[in-house]
Amino acid sequence: MEEKRWYEKTLEDRLEELERCNQCKFCTTVCPLWDGWFVHASSGKMRSIRSVVKGTAKPDEKLVDVMYYCTVCGRCEQMCKSHSGGLITTEIIEEMRHQMVYKYGLYLPRHKEICSDVLRDYNPYHGKHEDRFSWLTRTPPNKGEYVYFVGCTDAYRMKDVAVATTELLLDSGVNLTMFWKELCCSSVLLRTGFVEDAIPIMEKNRKNLMETGAKVAVTSCAGCYRTLKKDYERIGGAGIEIQHSSELLRDLINNGKIKCKRGMNGVRATYHDPCHLGRHCDFYDAPREVIDRIPGLEFVEMSNNRENSVCCGAGGGFRSGFTDKSVEMAYKRLLEAKDIGAKLLITCCPFCELNLKQASEVKKSRVKVMDLTELVTSLL
Ligand code: SF4
Ligand code: SF4
């Protein structure tokens, strides 16, 4: 019998793993959405999924609320791996969402709208596909060793990050071109269960990336990074090496190609690990190494950092599904920064930045939020 393709595998194939959830509830202690309801933390989600798989519970609208009330931040998974049953909870939750969408027709209406937007315009922000590079301030070469995978959030919402990244890399002598045929990486579809709609887009990106002739695709988005690096493995890889812009920035600083002329004397700053870079890809050091090279900046870690970092609330389709709660989570992260006396919260993901900035504005926080590349650019 032919082996099942990855997206044909079902949760029935993972029953043995689901049985390992012994309801120890360690995961509830770290879930940023744990509020006394077990279904809001991983323990309850795993129990619900197991019941559906065994046929003792019927998937219904209640299951939608349970499965989508989660940022897929992976903190429960890390706890479960180190202290309990070792369940890959993020994959299980996403697989349940996948099954809900295509097998039971269950999803959040907002996510269905986003899926339609991506299928029509190749971005989830109602932007026209032909405007994807409208932020460009100069014309980069048509071919290059590096190709910039901008990502929808930078291309349509956080254009300053896209401009800063492009200008900084070109000015530092990086042989950079744009990914002119770029389409949404499809992270938003994969995270919200619309997997089978994502696959043709992923395959086009892979083919077009290979055709650029570039050696490395560099992205300034944590979500794109995780998706291109990990999810594209399922379709045979992105066809090209994937780097996050902070890695390239670190190398350029170490090679003396970038030097901060101005410092930030007396400014205390901290760093927020985006879940998609940190826990999802074990990527912690490059941004900290860049921050370390900013003259005069006083860097202090928040109490929850690196693999214990707390989600800003934006990911996993949570911001689009539960916006107020998502912004509330971002505010909690700002309070953590405030608690250690930080005036500046640096991050490396436009989606985290968007949510943290909105929280800072709404709650009138004095903690300033800034993207790492924009920060470095402002000091040259
Ligand atoms: S930590 Fe793991 S085993 Fe324990 S309740 Fe949570 S998901 Fe289940
Ligand atoms: S992935 Fe994050 S938000 Fe979702 S259940 Fe686990 S800890 Fe909670």
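No lab work stands behind these numbers, since they all come straight from the coordinates. Predicted, not measured: the structure shown is a model, and the values here were computed from it. Heads up, the Cβs are rebuilt from the backbone with ideal geometry, glycines too, and the neighbour counts pull from every protein chain shown.
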## Note on the structure
The aspartates and glutamates whose Cα lies under 15 Å from the Cα of residue 25, excluding any fewer than 8 residues away in the same chain, are 35, 77
### Task
Provide Rg and Dmax in Å for the stretch 276-340, with only Cα atoms included in the calculation.
13.6, 41
### Rounded Å value of the spacing that divides the Cα centres of the stretch 264-342 and the stretch 195-211
31 Å
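For the stretch 259-377, what D do you get in µm² per second when you plug the Kirkwood radius from alpha-carbon pairs into Stokes-Einstein at 4 °C and 1.567 mPa s? Display every interim value, and only then the final one.
On the way: Rh = 14.2 Å.
My calculation gives 91 µm²/s for D.
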### Message
Please enumerate, by chain and number, the aspartates and glutamates with C-alpha under 18 Å from the C-alpha of residue 357, excluding those fewer than 8 residues away in the same chain.
### Response
154, 160, 273, 324, 328, 336, 339, 371, 374
### Message
Give the lysines reachable from residue 229 as a straight Cα distance under 19 Å; neighbours fewer than 8 places away on the same chain don't count.
### Response
181, 204, 207, 215
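Tell me the mean residue ellipticity at 222 nm calculated for the chain from its helices only (DSSP H runs of n ≥ 4, each -39500 (n - 2.57), averaged over every residue, nearest 500).
Details: 17 runs with 164 residues, N = 380.
Result for the chain, helices only: -12500 deg cm²/dmol.
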### Range of Cα positions in the stretch 55-120 per principal axis (Å), largest first
42, 31, 16
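Between residue 363 and residue 307, what's the calculated FRET efficiency when r is the beta-carbon distance and R0 is 25 Å? Round to 0.05. Please report the intermediate quantities before stating the final value.
Details: r = 27 Å, r/R0 = 1.08.
Efficiency, from the Cβ-Cβ distance: 0.40.
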### Query
Taking a quarter of the surface of the convex hull around the Cα atoms of the stretch 6-107, what do you get in nm²?
5.9 nm²
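Order by neighbour count: 325, 357, fewest other Cβ atoms within 10 Å first, most last.
Fewest-to-most ranking of 325, 357: 325, 357.
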### Query
Kirkwood hydrodynamic radius of the chain from all distinct Cα pairs, in Å?
21.3 Å
### Summary
For the stretch 82-145, the convex hull over Cα atoms projects on average to an area in nm² of 8.9 nm²
### Task
Any chance you could run the full-extension gain for residue 257 through residue 234? It's 0.36 nm times the residue separation minus the Cα-Cα distance, nm to one decimal.
4.7 nm
### Query
Rule-of-thumb check for the stretch 171-217: C-alpha Rg over 2.2 N^0.38 Å?
1.38
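Just need the Rg to Rh number for the stretch 118-244, please, alpha carbons only, Kirkwood Rh.
On the way: Rg = 13.5 Å, Rh = 14.4 Å.
So for the stretch 118-244, dividing Rg by the Kirkwood Rh gives 0.93.
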